[in-house]
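The block underneath contains the structure these notes are about, expressed in structure tokens.
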Amino acid sequence: MRQASVDLSQDVAEFSRHIPRYEAAAEAIRNTILARLRDDGLNHHDVRHRVKTPKSVQEKLDRLDEDGNRRYPGGPENLDDLVGERVILFVESDINAVAIALTSQFICHDDEDKTAVIRKIGGIGYAGRHLTLEVPADNPPVGCEAYGGQRFEVQIRTVLQHAWAEFEHDIRFKGTSGDNAEISRAFTMASTLIELADQQFVNISDILKRLQSESAAGAAAEQQVLDSYSLQLVLDRVFPEYPRSKAAQYDWLVDILAANGVTTVSAAEDWLTSVDQDTVARMMGYRFTPGQVRVADDLLLKSLGESYVTATRAVGNDSNREGKLRSRLSRLRNEQG
């Protein structure tokens, strides 16, 4: 027999009174995710956050299994997705790098690759990567100090996967014709096309990177002034195995290089090719493939040391840059020693 939803109404009412705190936690976690993506040079479209509504919490607590027992026993505090974050990317090949970056920043309780699961069984439908994470109580990320122990869910999707999922949810769960066979068939076809489009976006990104590298190989004049576009082409040639960073990061790196006296294309390429990037990568112990700008930043730090920290600590709008640089420099020195 179905259990009455009123059993937990007081718990849901108590949750409602604490919504402002959950909203503050969701915003702080979003800012931390954005900072991590920026630091690691991982390209992304958007990062969004939300807190479950009391109605949604009650509906989830009321769900029963096949035996008539609650799927989520206990009150709202036992739900892992009261706070939700969504990372929306341009290309599917970046999803794994983002997942690794976030699971190294937060405590990971669950990692479900719904895309891999559905493709393994030959199915068509919802795609995305879901992580259940927790803000660590010990050494929490900057800005999350007040939220140690807070669990939250992160959904990682491409722009196309996001559009499909939002529209499908709106039709099936809010509309009146969600079970219509014609609509279901249309969604299946759309899902197939989106999967193909995502694959082609990855191919386009790879082809564009190769073509730009080839066309720029002999085009740069010896004293061409370095700008974000020419720097991107230099990094494509020097670091072909690393993914591109977010566009604004190349403008930032131009300023970083200028602060260290590197202002031309030839000077930037000569310097970057002279540094042993494999040694630096080993010393940094990257758990995932970082973006081009992050690699260049680490190479400069390894080569120039304290003078680099002094010259670039105020470049950009990251108030924590000096502390991060000193932490990374200490790691490089310890590995070298």
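Descriptive notes on the structure:
- Among the candidates Phe167, Phe152, the residue that is in contact with an Asp or Glu (Cβ under 8 Å, 6 or more places away or on another chain) and either outside any loop (DSSP other than H, G, I, E, B) or at pLDDT 95 or above (or both) is uniquely Phe152.
- In the set (1) touching a residue at least 40 places away in the same chain (Cβ under 8 Å); (2) under 24 Å from Glu195 (Cα atoms), Val57 fails one condition alone, (2).
So that you can scan it fast, the table gives a plain yes or no per residue for (1) out of contact with any Leu (no Cβ under 8 Å at 6 or more places or on another chain); (2) modelled with pLDDT of 90 or more; (3) within 24 Å of Ile100 (Cα to Cα):
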position	(1), (2), (3)
Ala247	yes, no, yes
Leu257	no, yes, no
Leu272	no, no, no
Arg282	yes, no, yes
Val293	no, yes, yes
Ala296	no, yes, yes
Thr312	no, yes, no
Leu325	no, yes, yes
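- So Ile183, is it at pLDDT below 85, surrounded by 15 or more Cβ atoms within 10 Å (Cβ to Cβ) and assigned by TED's automatic domain parsing to the domain that holds His45: yes
- Considering residues of the range 186-235 that are among the small types (Gly, Ala, Ser), surrounded by 13 or more Cβ atoms within 10 Å (Cβ to Cβ) and modelled with pLDDT under 80 only, the residue farthest from the chain's Cα centre (by Cα): Ala220
- Which numbered condition Arg282 misses (of (1) surrounded by 14 or more Cβ atoms within 10 Å (Cβ to Cβ); (2) farther than 22 Å from Leu89 by Cα): (1)
- Those residues of the range 43-57 which are in contact with a helix residue (DSSP H, G or I) (Cβ under 6 Å, 6 or more places away or on another chain) and part of a strand (DSSP E or B), in sequence order: Val47, His49, Val51
- Lone qualifier among Ser245, Ser274, Ser327 - being free of Cβ contacts under 8 Å to residues at least 12 places away in the same chain, closer than 15 Å to Asp39 by Cα, not assigned by TED's automatic domain parsing to the domain that holds Ala35 and not charged (D, E, K, R): Ser327
- Residues in the range 286-337 that are among the acidic types (Asp, Glu) and assigned to a loop (DSSP other than H, G, I, E, B): Asp318 alone.
- Remark: pairs (first residue in the range 72-91, surrounded by fewer than 18 Cβ atoms within 10 Å (Cβ to Cβ); second residue in a loop (DSSP other than H, G, I, E, B) and among the aliphatic types (A, V, I, L, M); Cβ separation under 9 Å; 6+ apart in sequence or on different chains) = Tyr72/Leu79.
- Output for the range 9-47, where each listed residue is of a type in the set (Gly, Ala, Ser), modelled with pLDDT of 90 or more and either surrounded by fewer than 20 Cβ atoms within 10 Å (Cβ to Cβ) or not assigned by TED's automatic domain parsing to the domain that holds Gly149 (or both): Ser16, Ala24, Ala35
- Meets criteria (assigned by TED's automatic domain parsing to the domain that holds Ala24, in contact with a Pro (Cβ under 6 Å, 6 or more places away or on another chain) and at pLDDT 85 or above) for Gly143: no
- Qualifying residue in the range 17-40 (condition: within 12 Å of Pro76 (Cβ to Cβ), touching a Ser or Thr at 6+ places or on another chain (Cβ under 9 Å) and of a type outside the set (Lys, Arg)): yes
- Exactly one residue among Glu241, Glu306, Glu322 is within 22 Å of the chain's Cα centre (by Cα) and loosely packed, with under 15 Cβ neighbours inside 10 Å, and that residue is Glu241.
- Criterion applied to Tyr250, Tyr286 was being aromatic (Phe, Trp, Tyr) and over 20 Å from Ser104 (Cα atoms), and the one residue passing it is Tyr250.
- Glu66 meets the stated requirement of being outside any helix (DSSP H, G or I), not assigned by TED's automatic domain parsing to the domain that holds Thr289 and not small (Gly, Ala, Ser).
The values are calculated or read from the model by the stated rules, or taken from the named source; none is laboratory data. Keep in mind that what you see is a predicted model, and the values were worked out from it rather than measured. We place every Cβ from the backbone using ideal geometry, glycine too, and count neighbours over all the protein chains shown.
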